[in-house]
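See below for the structure under consideration.
The values are calculated or read from the model by the stated rules, or taken from the named source; none is laboratory data. Worth saying up front: this structure is predicted, and the values here are computed from it rather than measured. Glycine gets a Cβ as well: all are built from the backbone with ideal geometry, and neighbour counts include every protein chain shown.
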Amino acid sequence: MVTIGIDLGTTNTCVAVWRNNSVEVIPNEAGNRLTPSYVAFTKTERLIGESAKNQVSNNTANTIFGVKRFLGRQFDDIVLQKDIKRYPFKIINCNGKPKIVIKHKGNKRTYSPEEICAMIIYRMKEMAESYLSVKVEKAVLTVPAYFGDAQRQAIKLAGSIAGLEVIRIINEPTSAAVAYGLNRRLTGKRNILVYDLGGGTFNVSVLSIGNSCLYEVRAVAGNLGLGGEDFDNRLVAHSLEDIRKRYGIDIESPKNLLCLKSAAETTKRSLTSARDAILQIESFCNGNDYYCRVSRTLFEKLCSDLFEDTLKLVGDVLSEARMLKHNIHDVVLVGGSTRIPKIRKMLTEYFDGKHLMVLNNPDEAIATGAAVQAAILTGLCNDNLKRLLLIDVLPLSLGVETARGLMFKVVERNTPIPCRQTKEITTLEDFQTTMTIEVFEGERTLTKDNRLLGVFELNKIPPVPRGIAKIDIIFEIDSDSILTVSARDRSTGNSESITIKNMNKLSKDEVQTMIDDAKKFREEDDENKSRLEVRNQLETYIYDVKTTVTENLDKLSGEECAHMIGECVNALTWIDENPDCLREEYERKMSELLIRWSSFLRKIRGHVVKRQRSELYSSDGEDNGTTVEEIHEEK
């Protein structure tokens with residue numbers, strides 16, 4: 001059974017297969033190896049790929065493109081709302097999810113982003129079956145490294161809708177790294193940086209390749225709202241302003257805006273090899289032709305901040321990988337937008353003149369790596385394939401909420417996957433029999449600043465004082481980065497689990513913001529963490545004293561017992577009424593209680609020591625000379 005590799009891109013999609021000991025990229029019906037990620041609905045048929053893109057100007061409201069950016073997002077996502085304004089087709093809110101409205105064969109229909117992606121994937125399946133003359137039922141799909149669990153689930157669902165068994169989801173930079181190392185006889189350990197700038201997304205990863213061709217991802221970073229389309233939009237915005245100044249009109253027609261965007265894309269491509277290009281559209285402004293000379297210098301100025309943003313992420317990923325620029329042996333360029341001369345110049349200067357590694361065709365590198373992974377997973381034997389072993393990493397930390405809203409990290413970001421991590425937690429209340437477990441991902445100290453993935457409950461916990469029950473929290477991340485969380489009570493063996501399938505949980509365009517916020521607010525977070533830790537210590541101390549008093553009622557008078565229990569209750573009430581005190585105030589309260597309660601605790605300890613000494617006398621039959629102080633030290 002043949003298994004294919006598919007790179008579903010924002011602007012173009014590519015499919016490849018391992019055959020005759022090499023990778024073959026499969027062409028479409030027009031003979032092109034890249035197929036536009038377009039789906040169009042006409043009065044009579046559905047078009048996918050080249051034919052859909054070619055008729056977009058005459059059917060703007062029913063031609064869908066760029067839908068990869070919608071996967072796994074909520075409708076009210078800020079970035080999605082920004083994107084919606086640029087698309088000519090209608091997008092509605094359906095139970096919190098974005099749905100696309102089209103008119104097909106005279107009827108209105110709504111489609112989810114997963115369904116549209118499935119149509120494109122199915123077209124790749126058809127192309128492969130026609131090219132190979134065999135049935136194709138399995139595939140490896142690629143995703144941006146910063147795709148979260150929701151988006152990975154969405155892409156897997158799209159593959160299933162297309163009639164394919166998705167046997168693996170692989171990160172795009174990792175796939176490109178496999179293509180880089182496929183036919184190279186690498187000696188010694190090499191560190192490579194994959195700079196992947198496509199039409200709709202940007203990813204950067206650092207990988208280490210060992211002597212045994214073990215591919216280990218060290219760190220990942222990215223921005224799912226940055227790519228070639230954003231460069232086109234800068235040219236569009238410049239042209240709209242130019243038209244406003246020249247003709248005094250605003251272009252609002254979706255058809256005209258699409259024509260302008262298409263012309264901007266053509267101009268951008270021309271500037272890859274030429275110093276100047278003409279952006280020209282016939283009969284555009286009130287019947288007049290529109291033209292605008294665009295120099296490469298102007299284009300670079302319009303997009304300079306976007307270019308700089310990619311270098312900031314390069315610096316971040318090197319920091320995460322704990323490497324310096326000179327530790328990188330090769331910089332590998334992937335994605336069509338890496339053809340832009342300014343991008344290459346900036347990277348060369350950033351890495352102090354290092355030669356950039358450009359694969360034969362950067363647009364096809366990811367699909368090539370996916371086809372290699374597909375061959376490995378289906379057991380095809382080849383000396384080159386046998387040498388390859390991939391280890392990917394988790395893009396964001398995962399954890400649960402503990403006392404006072406603290407994020408208790410169970411799996412740190414950039415942990416190699418697949419993986420399984422277990423951490424111990426306990427109850428926060430006396431005689432608690434049910435525990436609500438909230439699962440989060442993110443880098444902030446407090447869960448309110450991170451993203452909730454899912455919630456489940458562990459029941460039938462034995463009713464014991466707080467802090468006694470031992471609960472194991474188990475996080476399992478599979479090779480597709482899909483998460484399963486379990487909770488198990490050690491004393492009873494009772495357990496519950498959840499596989500995170502919350503399709504609305506995360507906009508990954510927010511992931512970099514989460515990382516940046518973690519850096520920006522690190523000092524504030526550290527102070528919050530320190531404050532809450534002191535508060536929790538104070539609360540634990542009060543409960544410990546209360547427990548000690550109740551366990552030694554015979555050592556104190558009734559009045560003393562009532563006084564101490566009342567003191568503990570008052571102290572706990574004070575904590576509840578002062579949830580936002582400074583760390584110093586909690587420390588001051590702790591010192592006050594330590595001094596105030598010390599005499600009562602000494603009295604109880606004195607009784608305990610006497611009892612221990614009495615037990616020693618009765619067991620040994622003589623005084624062995626152990627002093628009260630020594631017994632206290634031993635205790």
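Residues in the stretch 138-154 that are over 17 Å from Leu396 (Cα atoms) and either modelled with pLDDT under 90 or within 13 Å of the chain's Cα centre (by Cα) (or both): Ala154 alone. Only residues that are within 29 Å of Arg344 (Cβ to Cβ), at pLDDT below 80 and assigned to a helix (DSSP H, G or I) were counted in the stretch 362-390, giving 1. Say we look at the stretch 181-211 and pick out the residues that are hydrophobic (A, V, I, L, M, F, W, C) and modelled with pLDDT of 90 or more; which of these is nearest to Asp309 (Cα to Cα)? Here the answer is Phe202.
Scanning the stretch 26-45 for residues that are among the aromatic types (Phe, Trp, Tyr) and surrounded by fewer than 24 Cβ atoms within 10 Å (Cβ to Cβ) returns a single hit, Phe41. When the stretch 26-41 is examined, which residues are found to be in contact (Cβ under 8 Å) with a residue 24 or more places away in the chain, in a loop (DSSP other than H, G, I, E, B) and among the small types (Gly, Ala, Ser)? Selection gives Ser37 alone.
Taken over the stretch 204-244, the residue count meeting the criterion of being under 13 Å from Gly9 (Cα atoms) and outside any loop (DSSP other than H, G, I, E, B) is 2. Taking Leu452 as the residue in question, decide whether it is under 30 Å from Val204 (Cβ atoms), of a type in the set (A, V, I, L, M, F, W, C) and surrounded by fewer than 18 Cβ atoms within 10 Å (Cβ to Cβ). In short, yes. Filtering the stretch 10-25 to residues that are surrounded by 23 or more Cβ atoms within 10 Å (Cβ to Cβ) and in a loop (DSSP other than H, G, I, E, B) leaves only Thr11. For the stretch 121-147, residues that are touching a helix residue (DSSP H, G or I) at 6+ places or on another chain (Cβ under 9 Å), in a helix (DSSP H, G or I) and buried (at least 20 other Cβ atoms within 10 Å of the Cβ) total 1.
Within the stretch 46-74, take every residue that is without any contact (Cβ under 8 Å) to a residue 60 or more places away in the chain and not in a helix (DSSP H, G or I) and give me the one that is surrounded by the fewest Cβ atoms within 10 Å (Cβ to Cβ). Taking the candidates together, the pick is Gln55.
So that you can scan it fast, the table gives a plain yes or no per residue for (1) buried (at least 24 other Cβ atoms within 10 Å of the Cβ); (2) assigned by TED's automatic domain parsing to the domain that holds Glu476; (3) within 26 Å of Lys342 (Cα to Cα):
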residue	(1), (2), (3)
Asn191	no, no, yes
Tyr195	yes, no, yes
Leu207	yes, no, yes
Arg218	no, no, no
Glu241	no, no, yes
Arg244	no, no, no
Ala263	no, no, yes
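For the stretch 92-119, taking the residues that are surrounded by 21 or more Cβ atoms within 10 Å (Cβ to Cβ) and part of a strand (DSSP E or B), the one that is nearest to the chain's Cα centre (by Cα) is identified as Pro98.
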